[in-house]
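Here the structure comes first, spelled out in structure tokens, and everything after it is commentary.
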Amino acid sequence: MSDKTMSVDEVAGRLADGMTLGIGGWGSRRKPMALVRALLRSQVTDLTVVSYGGPDVGMLVAAGRVRRLVVPFVTLDSIPLEPHFRAARERGAVELTEIDEAMFMWGLRAAANRLPFLPVRAGIGSDVMRVNPGLRTVTSPYDDGETFVAVPALRVDAALVHVNRADRLGDGQYLGPDPYFDDLFCEAADAAYVSCERIVDTAELTKDAAPQTLLVKRHTVTGVVEAPNGAHFTSCAPDYGRDEAFQKTYATTPWPEFAERYLGGDEQAYRSAAQVGVGEGT
């Protein structure tokens, strides 16, 4: 067993042009935004991003780092459609593979189990098949003879996720109401990097929380980053809620202006400019 602690910039230094990157969280909830900001400070580009999309997708697309997206949606939750994603799609700036939420989950499960695909009923009879002509169907080999969509595995080169707590070995714990699919992102990846609000001793992970909150297992994790407020401006319940005021600023400020004001320096500079730790969402 080894100490897997890293900095956000060390994680960004492990990423490379052309990678397929899986990003955990859901919409504007528990996104690994400190890791995304570190990625934006790097020169990495030409990415394929696999995500239940939120501002992670919006920022990377606005910065011109993404070639292709694989998503079921891209939303800020309280703002239904992520504005930078919408603008990029309207000008044809990124390739898009849009699939049903359940199909997306089973694609991650297939990748986690190192299977080429998994059969699902989701998608049958819907426009998902029309807009994704590359999807195939399979017929059950048993007496039922039922037809299913063969959802291809969503293998990723690297995964980025954020949790409430972790230990130095890579065990990650969520304390909010929903695990989302962060464990599947880690299992589907060749390398997984977990940021957390606080690094604690292993024994403390189950001292005051149920064992089932141990979402991410150490054998799937490459690096651990302690990043307080690392999901800002998205929520990270119960530590803090979404910073709605800042999210509105993000959604309504032209990207070049937003990037110059908030993303021109390191993480500490971002925290200062965004007043992280002051007011709602902290």
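The values are calculated or read from the model by the stated rules, or taken from the named source; none is laboratory data. Small disclaimer: the values here were computed from a predicted structure and weren't measured. Reconstructed Cβ throughout: ideal geometry from the backbone, glycine too, with neighbour counts over all protein chains shown.
Tabulated values for the structure
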{"item": "Any hit, the stretch 54-75, residues being within 21 Å of Asp17 (Cβ to Cβ), touching an Asp or Glu at 6+ places or on another chain (Cβ under 7 Å), in the same structural domain as Gly25 (by TED's automatic domain parsing) and not in a strand (DSSP E or B)", "result": "yes"}
{"item": "Some residue of the stretch 123-130 being surrounded by 13 or more Cβ atoms within 10 Å (Cβ to Cβ), part of a loop (DSSP other than H, G, I, E, B), at pLDDT below 95 and touching an Asp or Glu at 6+ places or on another chain (Cβ under 7 Å)", "result": "yes"}
{"item": "Conditions (1) out of contact with any strand residue (DSSP E or B) (no Cβ under 9 Å at 6 or more places or on another chain); (2) in the same structural domain as Val50 (by TED's automatic domain parsing); (3) under 30 Å from Ala87 (Cα atoms): number failed by Asp208", "result": "(3)"}
{"item": "Members of the stretch 231-259 found to be closer than 24 Å to Glu197 by Cβ and among the aliphatic types (A, V, I, L, M), listed by number", "result": "Ala231, Ala237, Ala245"}
{"item": "Total residues in the stretch 62-92, condition touching a Leu at 6+ places or on another chain (Cβ under 8 Å), more than 23 Å from Phe181 (Cβ to Cβ) and hydrophobic (A, V, I, L, M, F, W, C)", "result": "1"}
{"item": "Residues being under 21 Å from Cys186 (Cα atoms), of a type in the set (D, E, K, R) and buried (at least 17 other Cβ atoms within 10 Å of the Cβ) - total across the stretch 203-261", "result": "2"}
{"item": "Failed item, numbered, when Ala111 is tested on (1) assigned to a helix (DSSP H, G or I); (2) loosely packed, with under 13 Cβ neighbours inside 10 Å", "result": "(2)"}
